[in-house]
Amino acid sequence: MFNSNRKDGRAAPDVTTLIAAGTEIHGDIQFKGRLHVDGLVEGAIRGDGDSMLTLSEQARVTGELTAPHIVINGEVTGDVTAFDRLELASNARVEGNVFYKVLEMSAGARINGKMVHRPDAPRQLPKPDAQATAAVAAESQETA
């Protein structure tokens, strides 16, 4: 935690922050690393970088969730956006739209909203080389 060798300011992926049962937070949260919620959050939760958000069975969140990897086993009122992976455990209750790349949903999980798959962004092919295009055009004229 107080390692002076880390100079870039990023949280290590194994660092976990806990919002314990009985704790209430009113306001937005932005985090790096891992965040585990057992309490109540009223506000948006956003994970940066390679972060992971976990909501336990006791967790209650009113607000938007955004992170690369999200695991829900509690209640969420708001939209959920998982850039990489979304896991909905059997006690998950989501009142809002769900945006995901990969979805794992256990029996018993409930969503009241749209489920939208967001695949990888389309890759753009490089522009053709002008000389190669001219050569292909010249060949097609010769054969015609």
So which aspartates and glutamates pass the test for Lys32, namely a Cα distance under 18 Å, with those fewer than 8 places away in the same chain ruled out?
Asp8, Asp14, Asp48, Asp50, Glu64, Asp84
Scalar couplings 3J(HN,Hα) for the stretch 63-72 by Karplus 6.51 cos²θ - 1.76 cosθ + 1.60 (θ = phi - 60°), nearest whole Hz, x for Gly and Pro, are x, 7, 10, 9, 6, x, 10, 10, 10, 10
Non-local residues with an amide H under 5 Å from the amide H of Thr17, with H modelled 1.01 Å from N and Pro and chain starts lacking one, are Arg34, Leu35, His36
Please list, ordered by chain and number, the residues whose modelled amide H lies under 5 Å from the amide H of Ile25; skip anything fewer than 5 residues away on the same chain.
Leu40, Val41, Glu42
Residues Ser90, Ser51 arranged by fewest to most Cβ contacts within 10 Å
Ser90, Ser51
Residues whose modelled amide H sits under 5 Å from the amide H of Arg110, counting only those 5 or more places away in sequence or on another chain, are Ala92, Arg93, Val94
For the stretch 19-31, what does the Karplus curve 6.51 cos²θ - 1.76 cosθ + 1.60, with θ = phi - 60°, yield as ³J(HN,Hα) per residue in whole Hz, taken in order and with x for Gly and Pro?
10, 6, 4, x, 8, 10, 10, 10, x, 7, 10, 10, 9
Would you kindly state how much longer the chain becomes between Leu103 and Asp28 on full extension, computed as 0.36 nm times their sequence separation minus their alpha carbon distance, in nm to one decimal?
24.5 nm
What are the trypsin sites (Lys or Arg not before Pro) within the stretch 67-103 that DSSP puts in a loop, where the Cβ has at most 16 other Cβ atoms within 10 Å?
Lys101
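Bear in mind these aren't lab numbers, they're just calculated from the coordinates by the rules spelled out. Since the structure is predicted, the reported quantities are computational estimates derived from the model, not experimental observations. With ideal geometry, Cβ positions are generated from the backbone for all residues, glycine too; neighbour counts draw on all protein chains shown.
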